[in-house]
Amino acid sequence: MKRLATFSFLAFVAFLCSLSVSAQGDIWLDINGVRDLTADSIEVANQARPVPGSSRRGDNPVLFLVGNSTMRTGTLGNGNNGQWGWGFYAHEYYDENKITVENHALGGTSPRTFYNQLWKPVLDAVRKGDYVFLELGHNDNGPIDSIRARSSYRPNGKLKVAEDSTYIYNKVSKQNEMVYTFGGYIRRFINDVRAKGATPVLFTLTPRNAYEENDPKKIQRKLSDFTPAIFAIGKETGTPVIDLNDISAAKLEKYGPWKTDYHFFLDKIHSSAYGARMNARSAAEGIKESTDPQLAFLRNCLSDRVNPRRCDQNRKKGMPMVFLCGDSTGKNEDKNPDGMWGWGSQGYTVFDSTKCVFQNQAKAGRSTRTFIDEERWEEVYNSLEPGDFVLIQFGHNDIGGIDRDKERGVIATSDDSCKVFKLASNGQYRVIYSYGWYLKKMIRDAQEKGAIPILLSLTPRNEWHEGNGTSRGLIYPVKEKKNKMYIERRNETYGKWCRDVAEETGAEFVDVHNITANALDKIGQKKSAAYFNHDHTHTSLLGAKLNAKSVAKGLKEIGSPAAALLR
């Protein structure tokens, strides 16, 4: 399966510039090479957007999503440029046995263009008891009679809540058109929905990656006049309003600039998969927290996913928790005395259970990428409290296919890097980041929560080579003797990358790789076989105990606060 071309911000700007030339002036072409809201654009979009009402199950209601590219990016909405709209993830937060979610948003639309060109087939499918989410406004800009013809009527150049209109000649449709104010269009959506016996819900706009000039830590909230206008319309019409802008902006402020940046992709408006999922969760949280009686049934349709998943059920009052995040070298079968064991199973042989709670969240087969993608890290993140410790150890499964095979590989570097790939398994597009980037995400997430992240280099494999007289190891240098066998070291790749990430983020670093490797060198190749099981990577119970001791040894040697929790 071929990979999609890599996008950098500068490359994307050049890409847009090339399109503007080929498009003759200011007609916009999106990533799929089609024009905003022209016949070809709508035809392509309708091949990907659902048939209105097609998801309905029996007499169950449908939740219709109406919006722009922040809700559904691009014509196809498939993430082929690394951008995603929050409508793609919205269904995850609702019980499909009670209500189904249909994303009818389309990139480039405004209240005016959606109402004029896309609304009728959606409205035809709306029934009594349905809900319609309206998040529109990002594209309500530009001259009213421009070639894109999508701005609402703005008397004296100001966004208007009050009903008003003007008559113009539309250069796109080549017909005369009555253009209404922003409030005029939103009221038409509301009235149409209510006439069908359904419930309209207004949403303020998703926040942009922009900070207030007088407060560099505060995300801009109002987005010009849209937030107060939406609230005013909601109050006047009795329509529920969810302040999506504020809910998501408050999260971004807690995240800080580095994390906020990766919630967007290519620009400061459109979200990455991380940002899209965050906005979808914020929308659901807004419904959950609303006390508006019109949303009572919808609140009952929320899935358990709206409640943050945690993994600290064993927490004991007054004790910090020590979480281990890793792969099969941290957690394996851990039951058969002669089977495979991860060192996390031996956590309490080195950590004192009277001083801390050790929680082994490692999972066999996971890489930094899949541990995060499967939201295993999210459970740890949601559970973290100030004073907790997080042991992070990955690398064995980060090697391998990125868009093929087990699709768990990452870009092999400690530098921040990412590319858009098309996965062979399902044909979906995915932004894949580097080994260092995924580690930094977990580390900075832990720091954000006031926990102490400790990066562990990966355990060594049972692979040996003949000594060549050189020095091997970083913190623990070994002068090799010729004609003697030494266990493999990965100090130029994963070992080095872990060290680089720790130095960049200020995380503690324990070089388990070399501590255990030095111990096995002393034991010798023949006897070291007993420390592994099944293959050259997975450890026996004996090997698991050795790696646990290596962690403890390393924590003591670097003077980590976690050393006070050891036996």
(request) Looking at the chain, send over the antiparallel percent of its DSSP beta bridges, to the nearest 5. (result) 45 percent
(message) If you filter the range 164-248 for GluC sites (Glu not before Pro), then keep DSSP loop positions with at most 11 other Cβ within 10 Å, what is left?
(response) Glu213
(message) Rounded to the nearest angstrom and ordered from largest down, what semi-axes does the equivalent ellipsoid of the chain get from its C-alpha gyration tensor (root of 5λ)?
(response) 52, 25, 20
(request) Name the aspartates and glutamates eligible as straight-distance cross-link partners of Lys496: C-alpha to C-alpha under 12 Å, and not fewer than 8 places from it in the same chain. (result) Asp415, Asp511
(request) Enumerate by residue number the trypsin sites (Lys or Arg not before Pro) in the range 36-117 meeting two conditions: DSSP loop (anything except H, G, I, E, B), and at most 16 other Cβ atoms within 10 Å of the site's Cβ. (result) Arg56, Arg57, Lys98
(request) First select every other residue whose beta carbon is under 9 angstrom from the beta carbon of Gly342; then total the charges, Lys and Arg +1, Asp and Glu -1. (result) -2
(message) Quick check on the range 61-141: what does the Kirkwood estimate of hydrodynamic radius come out to from the alpha carbon pairs, in Å?
(response) 13.0 Å
(request) Kindly write out, for the range 428-435 in residue order, the coupling ³J(HN,Hα) from the Karplus curve 6.51 cos²θ - 1.76 cosθ + 1.60 (θ = phi - 60°), rounded to whole Hz, with x marking Gly and Pro. (result) 7, 8, 8, 7, 10, 9, 8, 4
(request) With everything on Cα atoms, drop me the angle between helix 226-237 and the longest principal axis of the chain, reported from 0 to 90° to the nearest 10. (result) 60 degrees
(message) Past 19 Å, Cα to Cα: identify those pairs from Lys259/Lys440; Lys120/Lys196; Lys363/Lys553, in the order given.
(response) Lys363/Lys553
(message) Whole-Hz ³J(HN,Hα) for each residue in the range 48-60, computed from phi via Karplus 6.51 cos²θ - 1.76 cosθ + 1.60 with θ = phi - 60°, x for glycine and proline: what do you get?
(response) 10, 6, x, 5, x, x, 5, 8, 4, 10, x, 9, 5
(message) Restricting to DSSP loop positions (anything but H, G, I, E, B) with no more than 16 other Cβ atoms inside 10 Å of their own Cβ, which trypsin sites (Lys or Arg not before Pro) remain in the range 233-326?
(response) Lys268, Arg309, Arg310, Arg315, Lys316, Lys317
(request) Might you report the magnitude of the Cβ-based charge dipole of the range 191-243 about its Cα centre, with Lys and Arg at +1 and Asp and Glu at -1, to the nearest 20 debye? (result) 160 debye
(message) Run lengths n ≥ 4 of DSSP H only: what is the helix-derived mean residue ellipticity at 222 nm for the chain, with -39500 (n - 2.57) per run over all residues, to the nearest 500?
(response) -9500 deg cm²/dmol
(request) Note down the magnitude of the dipole of the range 232-385 about its Cα centre, charges +1 on Lys and Arg C-beta and -1 on Asp and Glu C-beta and zero elsewhere, to the nearest 20 debye. (result) 260 debye
(message) For the full complex of protein chains and a 1.4 angstrom probe, list Glu163, Glu508 by accessible area with the highest value first.
(response) Glu163, Glu508
(request) Report, ordered by chain and residue number, the lysines lying within cross-link reach of Lys482, taken as a straight Cα distance under 22 Å and ignoring same-chain residues fewer than 8 apart. (result) Lys522, Lys526, Lys527
(message) Can you tell me which lysines have their Cα less than 18 Å from the Cα of Lys288? Leave out same-chain residues fewer than eight positions away.
(response) Lys98, Lys251
(request) Using the Karplus curve 6.51 cos²θ - 1.76 cosθ + 1.60 with θ = phi - 60°, work out ³J(HN,Hα) for each residue of the range 146-162 in order, rounded to whole Hz, and write x for Gly and Pro. (result) 6, 5, 8, 6, 10, 6, 7, 6, 10, x, 6, x, 10, 5, 10, 7, 5
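The values are calculated or read from the model by the stated rules, or taken from the named source; none is laboratory data. The structure presented is a predicted model; accordingly, all values stated were derived computationally and were not measured. For neighbour counting, all protein chains shown are included, and Cβ atoms are generated from backbone atoms with ideal geometry for every residue, glycine included. Note: areas computed on protein heavy atoms with side chains; ligands, DNA, RNA excluded. Shrake-Rupley method; radii C 1.70, N 1.55, O 1.52, S 1.80 Å.
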